Amino acid sequence: MSILYLLIPLGLILVTVFVAAFFWAARNGQFDDLESPAMSIVLDDDTKPRGASRR
Amino acid sequence: MTQARCFHCETDIPEGFVIEARVDERSHAVCCYGCQAAAEFIAGAGLTQFYRHREPMAGAILRPPEAKFSMYENEDVRQQYVTVDDSGIAEATLYIGDLYCPACIWLVDQVVSDLIGVHGVSANPASRRIIVSWAHDEQTLVDILRAIAVVGFKPEPIIPGQAKASEQADYRSAIKRLLIAGVFGMQAMMFAIGLYAGDYYGIGAGQEQLLRVASLLVSLPILLYSAKPFFRAALFSVRHHRLGMDITVSLALLIAFVASAINTALGQGAVYFDSIAMFVFLLCVTRFLEMRARHNADDRAAALASMLPAAVTRLSQDGAPELVAVAKLRSSDLLMLNSGDVIAVDGAIKQGCLVVDESMLTGESGAVVRDVGDGIFAGTRVLEGEAVIEATTIGSGTQLGEIARLIEKAQDDRLAALSLSDRFASAFVMIVLFVSLAALVAWWQIDAERALPVLLSILIVACPCALALAMPTALASAAAMLSRHGLLLVRSRLLEHFRPGATIVFDKTGTLTNGRPELTSTQLSESCEYSVRQCLEIAAAIERDSEHVLARAFAPFNCASVATDESPVTHLGQGVSASVDGVQYKLGKREFVVSSDDDCADLQSTQGKTQVFLSKGQKLLAQFSISDSLRADVEPLMNELRREGIRPVIASGDNRLAVQSVATKLGIDEWHHDQTPQDKLALLKQLKQQSDVVLMVGDGINDAPVLSVADASIAIANGTPLARSTADGILLGQSLLPLYVLSRVSGRTRRVIKQSLLWAVSYNVVAISLAAFGWVTPWMAAIGMSTSSLIVVGNALRISGQSLSHVVTADLPVPAEAYQ
């Protein structure tokens, strides 16, 4: 089990990288709206005629 | 008999009025041409999923507004709200007060994104704002606003206030703290499993130490970042000699960490980093949910700004009229007012005469006439007339500003009180510390080597997790339950105070009633050759551009093909005359419309109903009854409130007859009429002496100071943003019935909190005793902590578990017996 001495520090480094990525996303406002993206998946329709309301 | 509901906005369709919108190959009944246009637009743009997914209460606010956006075409005005960067991308923040459901947000997003030149739409559901960015030369702010208005929302450009900007910063750092606690916590727990397995199966000393050190490392960010608010608040409490939950929490975290760190340094003994992580994570989650609820309240500064117009017409030195942004006004400026304008300043009339609607300040539903020398107030609306006024006070010096300050002050006073569980927790922590010290001393005498581990296990097992979590989780669960039924919970105080023995004060206009004059019936005279619909369309055409309060009752019947030949002539206070297709009509009071009484007998004039007559030449054609109807389900609600032991009272700015008729209809004994905001405040104080808790439900800004003095307050979603920003709860939708759900949910919540606290105490008493005698091993302590927290959380979920939807169906009043 001495491989743990390598894996655990490696794992910790990876975690730090991910947390940094999350922080960037938070600062970028990606977590500001947690409700509508869930609805968007249900509501968005690929075959919807886009540009129908263009003016 | 249930009245048909409009397919688009879900309000009642006026009797005898039949128009339909074609959506998805089927025809649906709608209430007005605005809704018909909106529904068909949505169908045409392929967005009909909106109707399938929107929340049941959301429709009520979708009536296409009568707002005009032409003032935003003015460069000065527009530039306040639109920022253009170097690459030609313009950006503006729009506040849409009615954006409560995700499907609505989606709809607005789709509609705006589809416009030419729009680059992005970013929505913030909590503050109900969207930020739109577009190519400056391809699209205009006005067209974007109009596009949103077509589907039924009321967008308002705003200058983002300081409060909301800092709220967003708070929100983002809360998310970051949650992330850290969650991600690093998972690591700590993973390592802990290794350690516990090692205790059982055996583990090499080197690897055991590796796991300990790794756990310590991952706990550092959790404590230093995610738990920082708790430590900060604890220091604050200590400095102000107040005991609170934060002190308890901080102590527990610190002791656990230090003890575990010592053991790590020593290379032996138990470490509790996983317990620390779990505790911090659960706390972060509950506080995050609480914060989100708080952010649902409207931004007070923006709410105030939205009560005033963006621009006014000012007369410059040489008397020439110029459109000026309200922010640039100075006192003693001369302004020109026309019908339909919202007054931007407090001032006096220098020339001319106006009929003004002051209901937002005084609560009176009638219009007042103001002449030369009379004062007029910011925030009120001009119904008829033209005048030149001189501004006396602007900005925060106005009556409106004064009301805002009153609210601010009342809010600050309320936040001081400490909640029940906080006081409980601080007493508890004292006891635990005492017991631990006693145990430490005792064990030192008996067997010094075991003294430290025993101390540690006492402190860990006594961890106030259950206590700290009991209230927040219950409140979060209750809030979720309530929002499912149409009540947005902003502050938890509302739940604590909605209980038997409370008195609840209702405003009348706009709260118990719909706040809109509605056509209740049309009666044709015998000699009338037109149909009901034709008479309505003629009346609507005549009143199309009128700002008069009663004119809005005819708005749903506006038909493009029926129009007046030229502008209607207004006879101040009497009525309007106009010609349609060459025929002269008159619409207004009976004396104005026909010269003699020889036509059909009057309908009996029911209290609170206004009669408007239509005539052609001298012949009476039709008689319209207009009144402000009671909201759906108010009667059953009153019965339920009384059954629960809550006493309803009405306090209204309206006249005696109007209030009396509503009170008798609802069976309410105590009602007050002609109330000014000061009167309402005095009434509230008087009621507080008679009853332990006084609650308030209102909508207008004349209610706003009162809303902040009541023990807890509820605002109506359609009400003014100012009322919404001070209230502890916001009623969505057209019905007041969610108040019944509120009484049920607050009962459940109180029970659950009591149960959770009881559990926390018994568990702690038993566990601490066991630990003091040295019978609790580290893994038992850790499991004890986690299980007790989970039990508390699970108990809280019971609040939202049992459905109440059989109770609240807004269409049909459910008989009292069914509520069992």
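Things worth noting here:
- Yes/no for B:Phe230 being crowded, with 20+ Cβ neighbours inside 10 Å and within 34 Å of the chain's Cα centre (by Cα): yes
- Of all the listed residues (B:Asp299, B:Asp318), the sole one being farther than 30 Å from B:Leu223 by Cβ and modelled with pLDDT of 80 or more is B:Asp318.
- Failed condition for B:Ala682, given (1) part of a loop (DSSP other than H, G, I, E, B); (2) small (Gly, Ala, Ser); (3) out of contact with any helix residue (DSSP H, G or I) (no Cβ under 6 Å at 6 or more places or on another chain): (1)
- Residue that is nearest to B:Thr503 (Cα to Cα), among those in the range B:677-691 that are in contact (Cβ under 8 Å) with a residue 12 or more places away in the chain and loosely packed, with under 15 Cβ neighbours inside 10 Å: B:Gln690
- When residues of the range B:81-104 are limited to those that are buried (at least 21 other Cβ atoms within 10 Å of the Cβ) and at pLDDT 85 or above, the one nearest to B:Leu488 (Cα to Cα): B:Leu94
- In the range B:105-130, the residues that are on the phi > 0 side of the Ramachandran plot reach residues that are of a type in the set (Phe, Trp, Tyr) with C-beta atoms within less than 8 angstrom, at least six apart or across chains, in these pairs: B:Gly117/B:Trp134; B:Arg128/B:Tyr95; B:Arg128/B:Tyr100.
- For the range B:178-212, a residue qualifies if it is more than 15 Å from A:Leu4 (Cα to Cα) and facing chain A (nearest Cβ under 10 Å), and the qualifying residues are B:Leu178, B:Leu179, B:Ile180, B:Gly182, B:Val183, B:Phe184, B:Met186.
- Among the residues of the range B:781-796, those identified as aliphatic (A, V, I, L, M) and free of Cβ contacts under 8 Å to residues at least 24 places away in the same chain are B:Ile783, B:Leu790.
- Residue match in the range B:219-236 (condition: within 14 Å of another protein chain (Cβ to nearest Cβ) and over 18 Å from A:Phe22 (Cβ atoms)): yes
- Lone unmet requirement of (1) over 20 Å from A:Ser36 (Cα atoms); (2) surrounded by fewer than 19 Cβ atoms within 10 Å (Cβ to Cβ); (3) polar (S, T, N, Q); (4) more than 9 Å from chain A (Cβ to nearest Cβ) for B:Gln139: (2)
- Selection status of B:Ser87, more than 10 Å from chain A (Cβ to nearest Cβ) and either farther than 25 Å from A:Leu34 by Cβ or in a helix (DSSP H, G or I) (or both): yes
- Of all residues in the range A:1-29, those satisfying the criterion of being over 30 Å from B:Asn124 (Cβ atoms), facing chain B (nearest Cβ under 7 Å) and surrounded by 13 or more Cβ atoms within 10 Å (Cβ to Cβ) are A:Leu4, A:Ile8, A:Leu12.
- Considering the range B:145-191, the residues that are in contact with a strand residue (DSSP E or B) (Cβ under 6 Å, 6 or more places away or on another chain) and in a loop (DSSP other than H, G, I, E, B) include one that is modelled with the lowest pLDDT, namely B:Pro160.
- Count of residues meeting criterion [part of a loop (DSSP other than H, G, I, E, B) and in contact with an Asp or Glu (Cβ under 9 Å, 6 or more places away or on another chain)] in the range B:110-135: 7
- A single entry from B:Ala165, B:Ala103, B:Ala169, B:Ala92 fulfils the requirement of being within 9 Å of another protein chain (Cβ to nearest Cβ) and of a type outside the set (Asp, Glu): B:Ala103.
- Just one of the listed residues (B:Ala265, B:Ala256) is closer than 20 Å to B:Arg450 by Cβ and touching a Phe, Trp or Tyr at 6+ places or on another chain (Cβ under 8 Å), and it is B:Ala256.
- Any pair with Cβ under 6 angstrom, 6 or more apart, that starts in the range A:30-55 at a residue that is at the interface with another protein chain (Cβ under 7 Å from one of its Cβ atoms) and ends at one that is part of a loop (DSSP other than H, G, I, E, B) and at pLDDT below 75: none
The values are calculated or read from the model by the stated rules, or taken from the named source; none is laboratory data. Note that the coordinates shown come from a computational prediction; the quantities given were computed from them, not determined experimentally. Cβ: placed from backbone, ideal geometry, glycine included. Neighbour counts: every protein chain shown.
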